[in-house]
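The block underneath contains the structure these notes are about, expressed in structure tokens.
The values are calculated or read from the model by the stated rules, or taken from the named source; none is laboratory data. These numbers come from a predicted model, not from an experiment. Virtual Cβ from ideal backbone geometry, glycine too; neighbours counted across all protein chains shown.
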Amino acid sequence: MKDTHLNRRSMIKAAVGLGAISTGFATVGHVAQAGTHNGTPKEGLISIHQLGPVTLHTYTSPEYSGMVNSHVIETTNELHLVDTQFFQTLASEFKAYVDSLGKPIKRIYLSHSHPDHLFGAVQFPGIEFITSDEVLAEAKTATKTYQARKEALKDKTEVVLPVGGLKTGSDTWDGLEVQIGQVLDAESAAELTIHIPEAGLYVAQDLLYANAHTFPINNSENWLAALKDMQKLEGIKVFGSGHGLPGAPGVIDDAIAYLNFQNTVISDNTDGDSATAEILKKYPRYGAKDVLSFIGYRYKK
Ligand SMILES: [Zn+2]
């Protein structure tokens with residue numbers, strides 16, 4: 001392995017420092033373009049999955065913002081949001097779409113500390129914004145980098161951090177059983193998952209890049225183990241991805257194959273450019289090509 005100069009955990013920490021913005025693209029799943037809501041976005045794509053007692057609405061940003069997903073989990077009486085976009089223009093379109101649904105926002109969850117999931121939180125003042133203590137701790141270590149990243153983007157808004165304290169295990173949302181999970185030291189230092197068994201919905205966020213190039217700074221061993229655990233789940237109709245459109249269970253098989261391939265290529269090459277070329281040759285139609293620009297960090301001494 002040529003990527004052992006940084007240990008895995010420090011690599012993942014470095015990923016936060018890089019202001020990681022990663023990308024995704026997908027063609028899998030039952031996708032409908034929303035056309036009738038007043039909140040129809042100009043730039044992002046809305047996909048909608050009807051899942052029994054739940055409707056999953058996913059806002060996917062354009063490729064230039066990594067096709068990053070913000071999800072709305074709509075129950076009978078309320079909305080639970082997961083992640084809030086990177087660019088403020090896109091976060092405000094997402095907010096307009098959420099408002100068009102006409103139900104109160106119960107909470108916003110931050111799945112992990114990467115800024116492409118966090119920066120748009122400022123668009124939702126007064127709404128409870130929550131994550132686990134582990135995700136919050138990681139976000140706090142990145143505060144300076146977040147600020148620098150915002151300056152580079154000419155984003156004048158403040159960084160809004162969530163509160164911690166979200167526990168893993170069983171919860172109830174509007175009468176529905178929800179299982180909150182967390183995977184440590186994989187795509188990021190800590191990543192929340194949300195499973196609603198009655199709906200057949202599992203939101204994996206950045207543990208799943210659907211038909212997309214995946215963030216190459218990671219602990220792939222833990223990440224693969226988490227994906228294999230998802231493969232064993234029964235009754236899932238839709239996996240909510242962090243990048244690329246949500247999809248049916250086959251997206252997990254694809255993500256495992258991709259991650260194994262990416263890992264092998266990074267090990268077999270001696271620099272980021274050649275590794276990137278080999279990956280693009282094998283996956284010419286995957287979205288989120290910009291995420292591969294982070295590969296060079298795997299070869300830093
Ligand atoms: Zn992401």
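If only residues of the range 188-197 that are within 13 Å of the ligand (Cβ to nearest atom) and in a strand (DSSP E or B) are counted, the one that is surrounded by the fewest Cβ atoms within 10 Å (Cβ to Cβ) is LEU192. Being at pLDDT 95 or above, assigned to a helix (DSSP H, G or I) and over 26 Å from PHE294 (Cβ atoms), is that true of even one residue in the range 180-187? No: zero hits.
What number of residues within the range 59-72 satisfy the criterion of being away from the ligand (no atom under 13 Å from the Cβ) and surrounded by fewer than 24 Cβ atoms within 10 Å (Cβ to Cβ)? Don't jump to the end; show me each part of the working.
At the first step, the residues of the range 59-72 found to be away from the ligand (no atom under 13 Å from the Cβ) are 59, 62-64, 72.
Right, trim to surrounded by fewer than 24 Cβ atoms within 10 Å (Cβ to Cβ) and you get 62-64, 72.
Adding up the residues that qualify gives 4.
Could you tell me whether the range 30-50 includes any residue that is closer than 17 Å to ASP174 by Cα, modelled with pLDDT of 85 or more and surrounded by fewer than 19 Cβ atoms within 10 Å (Cβ to Cβ)? Step through it out loud before you land on a result.
Of the range 30-50, the ones closer than 17 Å to ASP174 by Cα are 50.
Right, trim to modelled with pLDDT of 85 or more and you get 50.
With the extra rule that they be surrounded by fewer than 19 Cβ atoms within 10 Å (Cβ to Cβ), the set shrinks to 50.
Yes, the range 30-50 contains at least one residue that is closer than 17 Å to ASP174 by Cα, modelled with pLDDT of 85 or more and surrounded by fewer than 19 Cβ atoms within 10 Å (Cβ to Cβ).
Residues in the range 242-292 that are closer than 24 Å to ALA190 by Cβ and of a type in the set (S, T, N, Q): ASN260, GLN262, ASN263. All of VAL178, VAL163 fail the test of being over 18 Å from the mean Cα position of the chain (by Cα) and either crowded, with 20+ Cβ neighbours inside 10 Å or within 16 Å of the ligand (Cβ to nearest atom) (or both), apart from VAL178. Of the numbered criteria (1) closer than 27 Å to SER65 by Cα; (2) away from the ligand (no atom under 12 Å from the Cβ), the one GLN205 fails is (2). Return the residue satisfying two criteria in turn: it lies in the range 73-126 and is of a type in the set (Val, Ile, Thr) and within 13 Å of the ligand (Cβ to nearest atom), and of such residues it is surrounded by the most Cβ atoms within 10 Å (Cβ to Cβ). Taking the candidates together, the pick is THR84. Scoring ILE217 on the criteria (1) of a type outside the set (S, T, N, Q); (2) within 14 Å of the chain's Cα centre (by Cα); (3) within 13 Å of the ligand (Cβ to nearest atom); (4) at negative phi leaves a single failure, condition (2).
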